[in-house]
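**Q** Sharing a structure below in structure tokens format, with a few things to ask.
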Amino acid sequence: MTTVDLPLLPLGRGVDLNSERGVECPGDLPPASDPDLVARARAAKEALGDRVFVLGHHYQRDEVIAFADVTGDSFKLARDAAARPEAEFIVFCGVHFMAESADILTGPDQQVILPDLAAGCSMADMARLQQVEAAWDALAAAGVADQVVPVTYMNSSADIKAFCGRHDGVVCTSSNAQAVLEWAFDQKADVEGGGKVLFFPDQHLGRNTAVLKLGLSLEDCVVWDPRLPDGGLSVEQLRDARMILWKGHCSVHGRFSADTVDELRATVPGIQILVHPECQHDVVVKADLVGSTEFIIKTIDEAPAGSAWAIGTELNLVKRLADRHPDKRIVFLDRNVCFCSTMNRIDLPHLVWALESLVNGVVVNRIEVDPDTEHYAKLALQRMLDLPGTAPRS
């Protein structure tokens, strides 16, 4: 299946259960208008006690974060779940690939639940296994596959992580991408022509890390478009490239623009621009500081009172930081309000439904990674964890 093989449905009418995860709940979903939702969530969580462990990603709504036992980025949360083997149920308030990572790292007696299966990630879905396998075959046909180490961002499906595990590749997070890429290039340092990295699914993190951290040039980077024959690249381009970047991006971080940076600098004296490395390259080079979500939070927490910041990351987190630091001026680095639509699929009604179902002895929306995929995905994750200086954050 390619990215255009999905069914076309009249706007607002019809669903396709094979392509739309979670469009229906096998039970009664509480209405969002229910005034007792908070009390119901609290009661269900108390009834489950230590049997349940609720994870809340930083980009989740405040109403959901209020019931999280821990908050963080995707890989940190998966590791937090693995550190709680006594928790029978892991309720992951995040998106699909995150719940997969939690299932990979937790024990066989633990069950991972995603309150709404439609909470996916458009970036992760931009690199599908069949597409990646076809790209690898094309690299082999071009005679360069033996020079390439595949590197996948944590924001990818379990089968893509397993692909990297099978092909001597590795996973990276936004905080350790530099160390991972340095390792990847070292693996092929003795190969004639030098090593290459196939980086997916986010082209911007790959490009920003390679150019700004490793000193490669923009000309060393080419973009593989899975919708085009041979990725839209010639054999010569593949042979000359050091970084083969998958044509994928984050729908939120890709919105931020360099002209907005210029506008804010002109209108807000002393404002500092703080962005995530998933942003486009021209935004990142104009920013004052660039880093992972955890880095963004730490920077704002430690910033002096009276300082002004424009933050380029998901709006739920930016709003939460602004509320937490009323002594600082914190604005969103976009003219328009834009939440992550899939993160926002997890709302209080879905969380209440999932928790109350568990209280009633019914496990809903369990995320399970098959043993073979889990084995090879773990190999790729372990290679990352074995690297010195890498941090368990995404």
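The values are calculated or read from the model by the stated rules, or taken from the named source; none is laboratory data. Note that the structure is a prediction, hence the values are computed from the model and not measured. Here the Cβ is made from the backbone with ideal geometry for all residues, glycine too, and neighbour counts use every protein chain on show. Keep in mind that these areas ignore ligands, DNA and RNA; they rest on the heavy atoms of the full protein, side chains included. Shrake-Rupley method; radii C 1.70, N 1.55, O 1.52, S 1.80 Å.
**Q** Any residue in the stretch 193-220 that's on the phi > 0 side of the Ramachandran plot: show its pairings with residues that are part of a helix (DSSP H, G or I) and surrounded by 15 or more Cβ atoms within 10 Å (Cβ to Cβ) at Cβ separation under 9 Å, as long as the two are six or more apart or on different chains.
**A** Gly193/Gln147; Gly194/Gln147; Gly194/Phe185
**Q** Go through Ala138, Ala118 for me and flag whichever is open to solvent by 10 Å² or more (accessible area, probe 1.4 Å), in a loop (DSSP other than H, G, I, E, B) and touching a helix residue (DSSP H, G or I) at 6+ places or on another chain (Cβ under 8 Å). Spell out how you get there, then give the answer.
**A** Details: Ala138 fails: in a loop (DSSP other than H, G, I, E, B).
From the options Ala138, Ala118, the qualifying one is Ala118.
**Q** Moving to a separate point now. Looking only at the stretch 182-210, filter to residues that are open to solvent by 10 Å² or more (accessible area, probe 1.4 Å) and of a type in the set (D, E, K, R); which one of those is modelled with the lowest pLDDT?
**A** Glu192
**Q** So which residues in the stretch 123-134 are of a type in the set (A, V, I, L, M) and either crowded, with 22+ Cβ neighbours inside 10 Å or at pLDDT below 95 (or both), if there are any at all?
**A** Met123, Ala124, Met126, Ala127, Val132
**Q** While we're on this one: For the stretch 267-287, enumerate the residues that are surrounded by fewer than 17 Cβ atoms within 10 Å (Cβ to Cβ) and within 23 Å of the chain's Cα centre (by Cα). Explain how you work it out, then say what you get.
**A** Our first condition is that a residue be surrounded by fewer than 17 Cβ atoms within 10 Å (Cβ to Cβ); within the stretch 267-287, this holds for 267-270, 282, 285.
Within the stretch 267-287, Asp282, Val285 meet the criteria.
**Q** Hey, does the stretch 241-257 have a residue that's under 20 Å from the mean Cα position of the chain (by Cα), more than 22 Å from Lys161 (Cα to Cα), open to solvent by 40 Å² or more (accessible area, probe 1.4 Å) and not aliphatic (A, V, I, L, M)?
**A** Among the residues of the stretch 241-257, at least one is under 20 Å from the mean Cα position of the chain (by Cα), more than 22 Å from Lys161 (Cα to Cα), open to solvent by 40 Å² or more (accessible area, probe 1.4 Å) and not aliphatic (A, V, I, L, M), which makes the answer yes.
**Q** Which helices (runs of 4 or more DSSP H) does the stretch 307-394 wholly contain that include 3 or more residues that are farther than 22 Å from Arg79 by Cβ and at pLDDT below 95?
**A** Details: elements: 315-324, 348-359, 371-385.
Where helices (runs of 4 or more DSSP H) fall fully within the stretch 307-394 and carry at least 3 residues being farther than 22 Å from Arg79 by Cβ and at pLDDT below 95, they are 315-324, 348-359.
**Q** Let me ask something else. Return the pair list, or none, for Cβ contacts closer than 8 Å from residues in the stretch 284-311 that are within 16 Å of Val331 (Cα to Cα) and hydrophobic (A, V, I, L, M, F, W, C) to residues that are part of a loop (DSSP other than H, G, I, E, B) and open to solvent by 70 Å² or more (accessible area, probe 1.4 Å), at least 6 apart or on different chains.
**A** So the pair list comes out as Ala305/Asp327; Ala308/Pro269.
**Q** Let me ask something else about it. One residue is enough: does the stretch 329-343 have a residue meeting the conditions closer than 30 Å to Asp116 by Cβ, within 15 Å of the chain's Cα centre (by Cα) and either open to solvent by 40 Å² or more (accessible area, probe 1.4 Å) or among the small types (Gly, Ala, Ser) (or both)?
**A** Yes.
**Q** Please verify whether Gly291 is of a type outside the set (S, T, N, Q), open to solvent by less than 30 Å² (accessible area, probe 1.4 Å) and touching a Pro at 6+ places or on another chain (Cβ under 8 Å), treating the condition exactly as stated. Spell out how you get there, then give the answer.
**A** Values: of a type outside the set (S, T, N, Q): yes; open to solvent by less than 30 Å² (accessible area, probe 1.4 Å): yes; touching a Pro at 6+ places or on another chain (Cβ under 8 Å): yes.
In short, yes.
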